[in-house]
Amino acid sequence: MLNEGTIQTAINSGIATITFFHPQSNSLPGELLRGLATAITNAGNNSLVNVIVLRSGGEKAFCAGASFDELMSINSFDEGRQFFSGFAMVINAIRKAPKFVIARVQGKAVGGGVGLASAADYTLAHESASVKLSELAVGIGPFVVGPAVERKVGTAAFTSLSINATAWQSAAWAREKGLYADVFNTIDELDKAVDELASKLSASSPEAMAALKQVFWKGTEHWDSLLVERAEMSGTLVLSEYTRSAISGFKSGAR
């Protein structure tokens, strides 16, 4: 049990399904982030795995982003940098895994959740999977997930999401911008599409897929350092009185 959350990996027919869960709308405390990064790295290095499916537990939110409880507990720059580096570790684990990562997004994605959906190589979603980058609304900014989101949807859409930080954008909008490859009306249809694609990829050439992944991610080799630098930006801002007050307000209201 990781801070009341879990990471589970199941391998079947060359498909590694990694499921993360947290009772608070699948939010991500630091320990869960580090566990998720490790699970992705291990699956990527496992010779029995040809493709990775990333999903979250439950039927509602895909991922509510950073854990507000943990954000409120940060009391130093080092603690802040370490926490936000967890998101950097997950994104970089997806980026460097020599296997395609398919994300199954069954519900709303906020902040870091949008980052996970963006970092995946191929993302399929339910029609309820609206997205929001809420960081600016709490005095931070989508610094760590920003490169992954911008890479997937483009600068204009990333700018819009970042500035209009309290507005939800629909799954249809996310599909139009390229974040989602496809959107489905029912969970059954979503699961069928994920299973069919994963099965096809599992039977494909591992060498060809690994080479394609290197092509797809060309130009991101500096992200190991870039995302840590971005984590330091967030780690500084999270200590401000403005941010602490804003997070407290968010905790008492709807997320």
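What follows is calculated from the coordinates using simple rules that are stated; it is not laboratory data. In this text the structure is predicted, and so the values were computed from the model without any measurement. Cβ: placed from backbone, ideal geometry, glycine included. Neighbour counts: every protein chain shown.
DSSP finds beta bridges in the range 6-202, and of those with both partners inside it, around 30 percent are antiparallel.
Taking amide H positions as modeled 1.01 Å from N, with prolines and chain starts lacking one, the residues under 5 Å from residue 182 and 5 or more places away or on another chain are 125. Backbone phi angles across the range 39-48, fed through the Karplus curve with coefficients 6.51, -1.76 and 1.60 (θ = phi - 60°), yield HN-Hα couplings of 5, 5, 4, 5, 5, x, 8, 7, 5, 7 Hz in residue order; Gly and Pro are listed as x.
Dipole orientation for the range 63-150: of the candidates 136, 74, 122, 122 has the Cα lying most toward the positive pole (charges on Cβ; Lys, Arg +1; Asp, Glu -1). Annotation for residue 159 and residue 216: the two label points, set 7 Å from Cα along the Cα-Cβ direction, are 2.7 nm apart. Evaluated with a Cβ-only charge set (Lys, Arg +1; Asp, Glu -1), the chain carries a dipole of roughly 280 debye about its Cα centre, given to the nearest 20.
Once the chain from residue 239 to residue 170 is taken as fully extended at 0.36 nm per residue, the excess over their C-alpha distance is 21.7 nm. Stretching the chain fully between residue 127 and residue 208 yields a gain of 26.0 nm (0.36 nm per residue, less the alpha carbon separation). Which of rounded, prolate or oblate describes the range 122-255 when judged by the alpha-carbon gyration tensor and an a/c cut-off of 1.5? Judged from the Cα gyration tensor, the range 122-255 comes out oblate (a/c at least 1.5, b/c at or above a/b).
Just check the chain against the gyration tensor rule for me: Cα atoms, a ≥ b ≥ c as the square roots of the eigenvalues, rounded for a/c under 1.5, and otherwise prolate or oblate depending on whether a/b exceeds b/c. The shape class here is prolate. Charge tally for residue 91 (other residues, Cβ to Cβ under 11 Å; Lys, Arg +1; Asp, Glu -1): +3.
Rounded to the nearest whole Hz, the Karplus-based 3J(HN,Hα) values (6.51 cos²θ - 1.76 cosθ + 1.60, θ = phi - 60°) of the range 27-33 follow the sequence 5, 10, x, x, 5, 5, 4, with x at glycine and proline.
Step through the table entries 60/132; 96/132; 96/192; 60/99; 108/177, compare each Cα-Cα distance with 20 Å, and write down the pairs that go over it. Mind showing how you got there, number by number?
Details: 60/132 15 Å; 96/132 26 Å; 96/192 27 Å; 60/99 27 Å; 108/177 16 Å.
With Cα atoms farther than 20 Å apart: 96/132; 96/192; 60/99.
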